[in-house]
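Enquirer: Supplied in structure tokens, the structure appears directly below.
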Amino acid sequence: MRIRRRGVDYEVRGRNYGVFQRHVFQFTVNTMGRLSEVSEFEDIIVKAQPPATEASQTLKTTETEAPLVVRIKDIAKVELSQEAFTTFSGLSGKRAAQINVYTLPGANALTVAEEVRQLMAQMGQKFPLGLKYTVLLDTSTFIKDSIHGVYSALIEAGILVLIVIMLFLQNFRAMLVPATTVPVTIIGAFAAMALLGFTVNLMTLFALILSIGIVVDDAIVIVENASRYIEQGLSPKDAAIKAMSELTGPVLGITLVLTAVFLPASFLPGITGQMFRQFALVIAATALISAINALTLKPAQCALYLRPVSKDKKVNWFYRGFNRIYGAVENRYIGLVSWMVKRPRTMASLFFVAVGFAGWIFARHPTAFLPTEDQGYSVVVAQLPAGASQLRVRQVSADIDAVLKHIPGIKGWITSGGFSDPDSANLSNVVTKYVMYDDWDKRPADLSQARIVAALRERLQSIRKAQFEVLIPPPIPGLGQAGGFQMMLEDRTGVGLGTLEKSAQQIIVAAEKQPGLRGLMTTFNSKSPQLQLHIDRTMTESVGITMNDVFQTLQTYLGSTYVNLFNKFNQSFQVRVQADADYRRRLDDIANLYVANRSQQMVPLGALMDVRRALGSELITHYNLYPAAPLVGNPAPGFSSGEALGIMEGVANANLPQNIGYN
């Protein structure tokens with residue numbers, strides 16, 4: 001009698017809903033689920049003879065006879081290893097694992113960095129012996145130091161404004177009137193920033209620094225005019241009223257002019273508008289707040305703070321000397337203005353000439369998007385010949401490590417093997433190193449970023465196994481992959497990747513002859529060695545094999561196939577199957593792979609396909625929906641980014657065929 005397991009399962013499920021009334025305990029039945037040890041995977045039975053389904057034959061086996069069992073350890077090697085081998089990591093020449101943390105759009109970089117450091121400190125206490133972590137590359141450090149510098153400049157600007165006011169007014173009470181304008185306006189500016197949804201960043205802080213010199217102007221004019229009328233004999237209250245009757249219109253006028261100058265900048269399109277919108281709106285908001293402050297609080301302060309000064313009171317020697325020098329300069333200035341007023345036509349002509357000359361200088365002046373910033377690190381990209389194995393990439397990486405150890409000003413570096421930073425993608429023949437400089441306060445004054453980069457470029461030339469380029473990070477983190485410029489060559493008519501690569505190399509050769517360009521490179525390559533499989537689909541289907549079975553066999557043997565998960569270290573990890581390296585090393589190994597047809601007969605893949613050598617591109621980038629080749633480079637010292645872009649456009653127009661475009 002043969003009993004099927006499905007029948008037993010059905011009967012049990014159908015009848016197992018009663019409760020035993022005479023038993024006083026109930027038990028949970030457990031058995032092994034997921035495996036966790038290498039030995040457990042090695043003992044998995046792949047095939048047994050006699051088959052396990054023929055229970056009658058198995059039961060007749062004597063004690064001296066044992067079933068023929070094939071286990072995984074008999075046909076395969078099981079090991080606990082890493083999930084992927086396409087990339088490798090390092091830290092200053094030592095083995096390491098990377099955890100890359102990127103902020104989401106709208107997130108505060110400083111807050112995210114602080115929270116990550118706190119979490120790592122908590123987890124680091126539970127690390128096993130010998131495992132440590134370090135935060136070497138942190139872009140928020142540059143932001144933090146920049147904001148700290150802006151805060152220092154903000155305080156210095158406020159102090160300088162007060163010194164200048166005291167120097168000219170020479171009256172402590174009079175100085176208090178514009179002095180209170182600074183904190184009142186800054187507080188109002190922060191309120192306006194909160195209302196507009198702005199954060200405290202470099203652009204808003206720069207706007208606050210500039211606004212300090214702007215907002216005190218109205219208060220200074222009011223207190224000077226009120227002091228003048230007090231010297232003429234009016235009481236402080238009457239002097240304030242008299243001063244405001246004359247200055248209300250000018251204060252409103254200068255406020256409207258400032259608003260008209262800065263407000264349109266907030267409507268600029270593109271990335272320029274995004275950058276200057278907060279800057280312009282903060283200055284416009286501070287101008288409005290300053291005007292309200294000048295028309296309301298300043299007159300009241302003048303009436304309360306100012307006092308008549310006796311004419312017999314003598315000033316100290318410092319003020320006497322300053323007044324003497326200032327008086328001489330003022331007299332000469334008045335004389336010059338009087339001479340100019342008497343010659344209106346000459347001065348008008350001179351004015352228009354000056355405006356035209358300024359416009360001519362502006363048109364000829366080199367243009368640039370943003371200046372290069374020393375953000376504390378640079379990026380070294382090494383590209384080996386197409387098809388280079390990871391062993392060769394690791395050897396070049398070790399050679400770079402040896403060079404970096406002897407360059408002054410470098411405190412460490414992070415290695416990302418098999419990753420191309422300019423492309424933000426994995427490339428097997430590329431290694432990227434993020435080189436961190438010493439902190440700004442620990443570097444000598446003459447050890448600038450330009451000097452470190454120049455040393456990197458010079459010493460890396462001694463390694464002949466790869467092409468190198470040292471890239472500066474973009475001025476704004478996230479705005480591009482590197483500083484300098486990037487040109488995308490586009491195949492707009494489908495001429496092929498070979499023509500696209502040829503055009504890219506022609507541009508690089510021509511651009512290297514230009515004195516305004518430096519460091520041009522491209523990671524695009526259409527000659528990477530590949531294997532092309534020509535599958536006879538008719539033959540495949542006729543022998544009872546589906547195309548999916550063929551692709552699955554190729555994926556499993558040559559790549560890897562995900563099976564399931566296993567538990568280890570209180571975590572779940574992937575189980576993957578692939579052919580051993582010795583069985584996927586040669587071209588003929590593909591033909592010797594077997595796939596089962598519908599009759600469970602093993603058919604070699606060599607009977608179904610033809611394997612040929614071919615050339616192709618490992619990474620194809622699309623830009624504006626066209627296949628594209630990216631070119632990156634930098635302007636040479638003494639040239640701006642605008643000039644470099646103009647030179648590149650000229651080189652492209654002179655060397656590119658009509659069917660290749662660029663952006």
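The values are calculated or read from the model by the stated rules, or taken from the named source; none is laboratory data. Just so you know, these numbers come straight off a predicted model, no measurement behind them. For neighbour counting, all protein chains shown are included, and Cβ atoms are generated from backbone atoms with ideal geometry for every residue, glycine included. Accessible surface is based on the protein model in full, side chains and every heavy atom, while ligands, DNA and RNA are left aside. Shrake-Rupley method; radii C 1.70, N 1.55, O 1.52, S 1.80 Å.
Enquirer: I need the full set of residues from region 345-360 which are among the aliphatic types (A, V, I, L, M) and open to solvent by less than 70 Å² (accessible area, probe 1.4 Å), in order please.
Expert: Selection gives Met347, Ala348, Ala354, Ala358.
Enquirer: I need the full set of residues from region 492-520 which are open to solvent by 80 Å² or more (accessible area, probe 1.4 Å) and over 30 Å from the mean Cα position of the chain (by Cα), in order please.
Expert: Thr493, Lys502, Lys513 - these are the residues of region 492-520 that are open to solvent by 80 Å² or more (accessible area, probe 1.4 Å) and over 30 Å from the mean Cα position of the chain (by Cα).
Enquirer: Being more than 16 Å from the chain's Cα centre (by Cα) and either open to solvent by 50 Å² or more (accessible area, probe 1.4 Å) or hydroxyl-bearing (Ser, Thr, Tyr) (or both) is the filter here, so list the residues in region 371-386 that pass it.
Expert: Answer for region 371-386, where residues must be more than 16 Å from the chain's Cα centre (by Cα) and either open to solvent by 50 Å² or more (accessible area, probe 1.4 Å) or hydroxyl-bearing (Ser, Thr, Tyr) (or both): Pro371, Pro385.
Enquirer: Between a residue in region 451-473 that is closer than 15 Å to Gln375 by Cβ and any residue that is open to solvent by less than 80 Å² (accessible area, probe 1.4 Å) and among the aromatic types (Phe, Trp, Tyr), which pairs come within a Cβ distance under 7 Å, given they are 6 or more apart or on different chains?
Expert: So the pair list comes out as Ile452/Tyr437; Pro473/Tyr377.
Enquirer: Of these, Arg443, Arg451, Arg464, which one is more than 26 Å from the chain's Cα centre (by Cα) and basic (Lys, Arg)?
Expert: Exactly one residue qualifies, and that residue is Arg464.
Enquirer: Can you pull out every residue in region 404-414 that is open to solvent by less than 20 Å² (accessible area, probe 1.4 Å) and either within 17 Å of the chain's Cα centre (by Cα) or hydrophobic (A, V, I, L, M, F, W, C) (or both)?
Expert: Those that are open to solvent by less than 20 Å² (accessible area, probe 1.4 Å) and either within 17 Å of the chain's Cα centre (by Cα) or hydrophobic (A, V, I, L, M, F, W, C) (or both): Leu404, Ile407, Trp413.
Enquirer: Here are some residues: Ala239, Ala280. Which one is buried (at least 20 other Cβ atoms within 10 Å of the Cβ) and touching a Lys or Arg at 6+ places or on another chain (Cβ under 9 Å)?
Expert: Only one candidate qualifies: Ala239.
Enquirer: Looking at the structure I just gave you, is Ala226 modelled with pLDDT of 85 or more and more than 30 Å from Gly106 (Cβ to Cβ)?
Expert: Yes; evaluated as a whole, the condition is true for this residue.
Enquirer: While we're here: Check off (1) farther than 26 Å from Ala243 by Cβ; (2) open to solvent by 90 Å² or more (accessible area, probe 1.4 Å) for Arg307 and give me the number that stays unchecked.
Expert: The number of the failed condition is (1).
Enquirer: Okay, moving on. For region 302-319, indicate whether the set of residues that are outside any helix (DSSP H, G or I), closer than 28 Å to Met193 by Cβ and free of Cβ contacts under 8 Å to residues at least 24 places away in the same chain is non-empty.
Expert: Scanning region 302-319, I find no residue that is outside any helix (DSSP H, G or I), closer than 28 Å to Met193 by Cβ and free of Cβ contacts under 8 Å to residues at least 24 places away in the same chain, so the answer is no.
Enquirer: Evaluate region 432-450: report whether one residue or more is open to solvent by 60 Å² or more (accessible area, probe 1.4 Å) and assigned to a strand (DSSP E or B).
Expert: No, the conditions are met nowhere in region 432-450.
Enquirer: Within region 331-346, is even one residue within 30 Å of Leu176 (Cα to Cα) and of a type in the set (D, E, K, R)?
Expert: For region 331-346, residues within 30 Å of Leu176 (Cα to Cα) and of a type in the set (D, E, K, R): absent.
Enquirer: Any idea which of Ser428, Ser462 is assigned to a loop (DSSP other than H, G, I, E, B), among the small types (Gly, Ala, Ser) and either closer than 25 Å to Asn100 by Cα or open to solvent by 10 Å² or more (accessible area, probe 1.4 Å) (or both)?
Expert: Of the residues listed, the single one that is assigned to a loop (DSSP other than H, G, I, E, B), among the small types (Gly, Ala, Ser) and either closer than 25 Å to Asn100 by Cα or open to solvent by 10 Å² or more (accessible area, probe 1.4 Å) (or both) is Ser462.
Enquirer: Right, another one. If Gly270 satisfies all but one of (1) open to solvent by less than 60 Å² (accessible area, probe 1.4 Å); (2) at pLDDT 85 or above, what's the number of the condition it fails?
Expert: If we test Gly270 against (1) open to solvent by less than 60 Å² (accessible area, probe 1.4 Å); (2) at pLDDT 85 or above, just (2) comes out false.
Conditions (1) of a type in the set (Val, Ile, Thr); (2) modelled with pLDDT of 90 or more, marked per residue:
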residue	(1), (2)
Lys311	no, no
Trp317	no, no
Arg324	no, no
Gly327	no, no
Phe357	no, yes
Arg364	no, no
Gln375	no, no
Val380	yes, yes
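Enquirer: Something else: For region 103-115, how many residues are touching a helix residue (DSSP H, G or I) at 6+ places or on another chain (Cβ under 9 Å) and open to solvent by 80 Å² or more (accessible area, probe 1.4 Å)?
Expert: The qualifying residues number 2.
Enquirer: Also, I was wondering about something else. Could you grab the pairs with beta carbons closer than 6 Å, sequence gap of 6+ or different chains, first residue in region 378-406 and over 22 Å from Thr522 (Cβ atoms), second one of a type in the set (A, V, I, L, M, F, W, C) and assigned to a loop (DSSP other than H, G, I, E, B)?
Expert: Partner pairs satisfying both residue conditions: Asp399/Ile463.
Enquirer: Follow-up question, since we're still on this one. Among the listed residues Thr538, Thr553, identify the single one that is outside any loop (DSSP other than H, G, I, E, B), β-branched (Val, Ile, Thr) and in contact (Cβ under 8 Å) with a residue 40 or more places away in the chain.
Expert: Result of the check over Thr538, Thr553: Thr553.
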